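The values are calculated or read from the model by the stated rules, or taken from the named source; none is laboratory data. Quick caveat: nothing in here was measured; it's all calculated off a predicted structure. For neighbour counting, all protein chains shown are included, and Cβ atoms are generated from backbone atoms with ideal geometry for every residue, glycine included. The area values use the complete protein model at the heavy-atom level, side chains included, leaving out ligands, DNA and RNA. Shrake-Rupley method; radii C 1.70, N 1.55, O 1.52, S 1.80 Å.
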Amino acid sequence: MKTIKLKPGKEESVLRRHPWIFSGAIASLSAGLNEGDLVTVTDSRGEVLGTGHYQIGSIAVRMLEFNSSALPDDFFMQRLESAFRLRETLGLIRPDNDCYRLVHGEGDFLPGLVVDIYGDTAVMQAHSPGMHMARGEVADALTMLPGARIRNVYYKSDTTLPFKAGLDAENGYLIGQYDGNIATENGLQFNIDWLKGQKTGFFVDQRENRALLEKFARGKRVLNMFCYTGGFSVYAMRGGALQVDSVDSSAKAVSLTEANIQLNFPDDPRHHAYTEDAFKFLSDMKKDEYDLIILDPPAFAKHRGAIKNGLIGYRRLNTRAFEKIKPGGILFTFSCSQAISRDMFRMAVFTASVKAGRRVRILHQLSQPADHPVDIAHPEGEYLKGLVLQVE
Ligand code: SAH
């Protein structure tokens, strides 16, 4: 096995089981080490710290196993079985719910790998060259996973792999093929477009927050801003909303939303969808038109350098919503920017409430669901935060 030796003192974070080794921590590496190779990591004295996937870049190694210089033969099967058992424990595998995240990278001790399940299809994303190389092995293990009934594995890593690695990963089925695309979440049906949609085709991470929204929806006029596939809209409809308006700047997203409404509530006159920019829609709309508003924008800060502008974006967006929401109304507001902390986001929303001159109470503090677990040694895995607010 090829090895990487760390500089003195640089083993500390590895001993605390943080799964990333940065390139600056490395003293020497074996000749002929290639991107995606499995590598044994040692401290400066040659003591084995563990085994990981090597790549060129600021994160040089993603650790797969600690205190061992090799992986067991059935490594992927072991980790996938344990990930699947957790989803069973969480009660996510039911006849009325066949849509969940099976592997959340570091949170499932599989750094660089994401797997979402839609019915009997697994959509797999590699974020590291090592996981790209292992894709065949992972796909085989997925279809053999006891109890999971996965028949098709679609590989979708063209946008997630490091661009510079030049792997030219092609999207496509590694195993099987599925012509349908309907998955069930909490008894509601969704068309999932894993071929052309964003990420793996659906935002599985909002499942519980959508279910909470449903409880607030009865008799309300709802605005679902940044609707994408219309997840929040479909739940609001089932919750008995009086009216649901969905808005997204992408015409493709609006047609996905319309298809999902049609699938669950055919020809229901309560729903309308608009292709429009969020800031324009919020500026143009009348005051007091909505008493329940959802703001689930794309990440405004995609890296640490973008935090300042990201916070400005969240402040502006939430100010618009506070200015327009009906007195007594409820706002569900989110940030999925990993670089923006819970406290920073809350402060931005607080500032927005002051600017809009509204008195606001926090009813719920939301996060990513348990099928997106956070390894306590890797706080970087936490990204989704939300607030449910009542606006006087
Ligand atoms: N709430 C969705 C996920 C939202 S993803 C769900 O539960 O599935 C973010 C969406 O915001 C994308 O569909 C994107 O097209 C849309 N978007 C990005 N910028 C926008 C803008 N300026 N105005 C309106 N929509 C925008």
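Here Arg316 meets the list (1) part of a helix (DSSP H, G or I); (2) free of Cβ contacts under 8 Å to residues at least 12 places away in the same chain almost entirely, failing just condition (2).
Enumerate the strands (runs of 3 or more DSSP E) found wholly within the stretch 113-204, keeping only those where 3 or more residues are over 21 Å from the mean Cα position of the chain (by Cα). Before you say what the answer is, go through the steps one by one.
On the way: elements: 113-118, 121-126, 152-155, 172-175, 182-185, 188-191.
Here the list reads 172-175.
Which of the numbered conditions does Ala251 fail, given that it passes all the others? Conditions: (1) open to solvent by 10 Å² or more (accessible area, probe 1.4 Å); (2) modelled with pLDDT of 95 or more; (3) out of contact with any Ser or Thr (no Cβ under 6 Å at 6 or more places or on another chain); (4) on the phi < 0 side of the Ramachandran plot. Failed condition: (3). Considering only the stretch 327-392, give the strands (runs of 3 or more DSSP E) lying wholly within it that have at least 3 residues that are buried (at least 19 other Cβ atoms within 10 Å of the Cβ) and more than 13 Å from the chain's Cα centre (by Cα). Those strands (runs of 3 or more DSSP E) span 329-335, 385-391.
Search the stretch 58-96 for residues being within 20 Å of Leu145 (Cα to Cα) and basic (Lys, Arg), and hand back the single one that is least open to solvent (accessible area, probe 1.4 Å).
Going residue by residue through the stretch 58-96, those that are within 20 Å of Leu145 (Cα to Cα) are 64, 71-95.
Keeping just the survivors that are basic (Lys, Arg) gives 79, 85, 87, 94.
Details: Arg79: 43, Arg85: 130, Arg87: 0, Arg94: 80 Å².
In this case the residue turns out to be Arg87.
The residue that is surrounded by the fewest Cβ atoms within 10 Å (Cβ to Cβ), counting only those in the stretch 47-57 that are in contact (Cβ under 8 Å) with a residue 60 or more places away in the chain and either at positive phi or aromatic (Phe, Trp, Tyr) (or both), is Gly57. Does the stretch 126-143 contain any residue that is farther than 30 Å from Ile293 by Cβ and polar (S, T, N, Q)? There is at least one residue in the stretch 126-143 that is farther than 30 Å from Ile293 by Cβ and polar (S, T, N, Q). Taken together, Asn209, Asn186 contain a single residue that is of a type in the set (S, T, N, Q) and within 12 Å of the ligand (Cβ to nearest atom), which is Asn209. Can we say Lys215 is at pLDDT below 95, of a type in the set (D, E, K, R) and over 30 Å from Ala251 (Cβ atoms)? Considered against the rule, which asks whether it is at pLDDT below 95, of a type in the set (D, E, K, R) and over 30 Å from Ala251 (Cβ atoms), Lys215 comes out as no.
Taking every residue in the stretch 191-206 that is closer than 14 Å to Gly172 by Cα and pairing it with any residue that is within 9 Å of the ligand (Cβ to nearest atom) and open to solvent by 10 Å² or more (accessible area, probe 1.4 Å), at least 6 positions away or on another chain, the pairs with Cβ-Cβ distances below 9 Å are Asp193/Lys252; Asp193/Leu256; Lys196/Lys252; Gly197/Tyr228; Gly197/Lys252; Gly197/Leu256. Assess whether Gln243 counts as being farther than 25 Å from Asp116 by Cα and surrounded by fewer than 23 Cβ atoms within 10 Å (Cβ to Cβ). Taking the combined requirement at face value, the residue satisfies it. The residues in the stretch 189-206 that are more than 12 Å from the ligand (Cβ to nearest atom) and open to solvent by 40 Å² or more (accessible area, probe 1.4 Å) can be counted, and the count is 3. Of the residues making up the stretch 302-315, those that are surrounded by 16 or more Cβ atoms within 10 Å (Cβ to Cβ) and either within 14 Å of the ligand (Cβ to nearest atom) or over 19 Å from Phe334 (Cβ atoms) (or both) are Gly310, Gly313, Tyr314.
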